[in-house]
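*Asks:* Quick one: structure below, then a few questions.
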Amino acid sequence: MKLSTIVFLVLVSASSAAFGQTASEQTVTDAPALVNLVPAPAPDFTAPTADRVTLQPPTPSLFRSIERDVPAFFSTQTATILGGFALAGLAARPFDRASVEDTSERLSKGAAAIGNWGGSLYVQTGGALATYVVGRATGNQRIAAVGGDLMRAQVLSQMFVQGTKFAVARTRPDASNALSFPSGHSASAFATATVLQQHFGWKFGIPAYAFAGFVGASRMASSKHYLSDVVVGAGIGIAAGRTVTLHLGHNQFSLGAAPTQGGAMVTFTKR
């Protein structure tokens, strides 16, 4: 329940109690013959109803929003995004092994370590939660809204990523386990980039998407994912970010994905 709703209920309860007390006193005044028959109230009067209401912690609206995000994810817009990235992922499959070898040669281990850390679920979710908490603690509704959308995008994207990982059971390039498809790091990073772009525009979106691409390259350079894993993970992250920011109604863009020689291409077109 929103804080504003609780405050409204408190005021209504308080005003109702005051009105009832006034009406009672008026009735006693109009009937003087009954005044001596009414016993005096006990000194240890029970606390007002309004006080009891304020002691009940409100239910955060963030969690109710997360519940609504799951059915909202299954939309025509989401299907279009995921369909395009799925086709791009299929087109990238012949180049999966070459992409891992190429990024391993071009990206140093130190740089890849930064990308792996920055795209991890702990960092992405932790940053989102910290933003939400700071916004609520300081009373900054804009920051709280951004943090809430970031948190919702992480939860929503990882629900589908982790479910797909166990369903597909694709072995990683380094053969460490069978959780390669799709890339969870890429989904987290692209979900964050999408939320930031939707809230603040392309001045924030361009560097955020650039970093998300760097995270995907780092995962390939570390032999944790193939190119198709990264492409599909990015699609899930973008779809999740778009789903949780439908309420904004601005900074919209169209997505496209197409195969290219040696890989795949993703396009963003501002509307």
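*Asks:* What are the pairs, 6+ residues apart or on separate chains, where a residue within the stretch 110-135 that is assigned by TED's automatic domain parsing to the domain that holds ALA189 and part of a helix (DSSP H, G or I) has its Cβ under 7 Å from a residue that is among the aromatic types (Phe, Trp, Tyr) and modelled with pLDDT of 95 or more?
*Replies:* GLY115/PHE214; GLY118/PHE211; VAL123/TRP117
*Asks:* I'd like to know if the stretch 50-72 contains one or more residues that are modelled with pLDDT of 90 or more and over 29 Å from the mean Cα position of the chain (by Cα).
*Replies:* no
*Asks:* Going through ALA193, ALA208 one at a time, which residue ends up being within 24 Å of ILE143 (Cα to Cα) and touching a residue at least 24 places away in the same chain (Cβ under 8 Å)?
*Replies:* Checking each option against the conditions leaves just ALA193.
*Asks:* Determine whether the stretch 172-180 contains at least one residue that is within 21 Å of THR131 (Cα to Cα), modelled with pLDDT of 95 or more and charged (D, E, K, R).
*Replies:* no
*Asks:* So, ALA144, is that one among the small types (Gly, Ala, Ser) and either outside the structural domain of SER180 (by TED's automatic domain parsing) or without any contact (Cβ under 8 Å) to a residue 24 or more places away in the chain (or both) or not?
*Replies:* yes
*Asks:* Going through GLY147, GLY118, GLY110, GLY89 one at a time, which residue ends up being at pLDDT 95 or above and over 26 Å from ASP174 (Cβ atoms)?
*Replies:* GLY147
*Asks:* Just wondering, is there one or more residues in the stretch 186-194 that are at pLDDT 95 or above, under 25 Å from ALA112 (Cα atoms), touching a helix residue (DSSP H, G or I) at 6+ places or on another chain (Cβ under 6 Å) and surrounded by fewer than 24 Cβ atoms within 10 Å (Cβ to Cβ)?
*Replies:* No, the stretch 186-194 has no match at all.
*Asks:* Regarding THR164, is this residue within 27 Å of SER223 (Cβ to Cβ), surrounded by fewer than 24 Cβ atoms within 10 Å (Cβ to Cβ) and among the β-branched types (Val, Ile, Thr)?
*Replies:* Criteria met by THR164.
The values are calculated or read from the model by the stated rules, or taken from the named source; none is laboratory data. Keep in mind it's a predicted model, so treat the numbers as computed, not measured. FYI the Cβ positions are ideal-geometry reconstructions off the backbone, even for glycines, and counts take in every protein chain you see.
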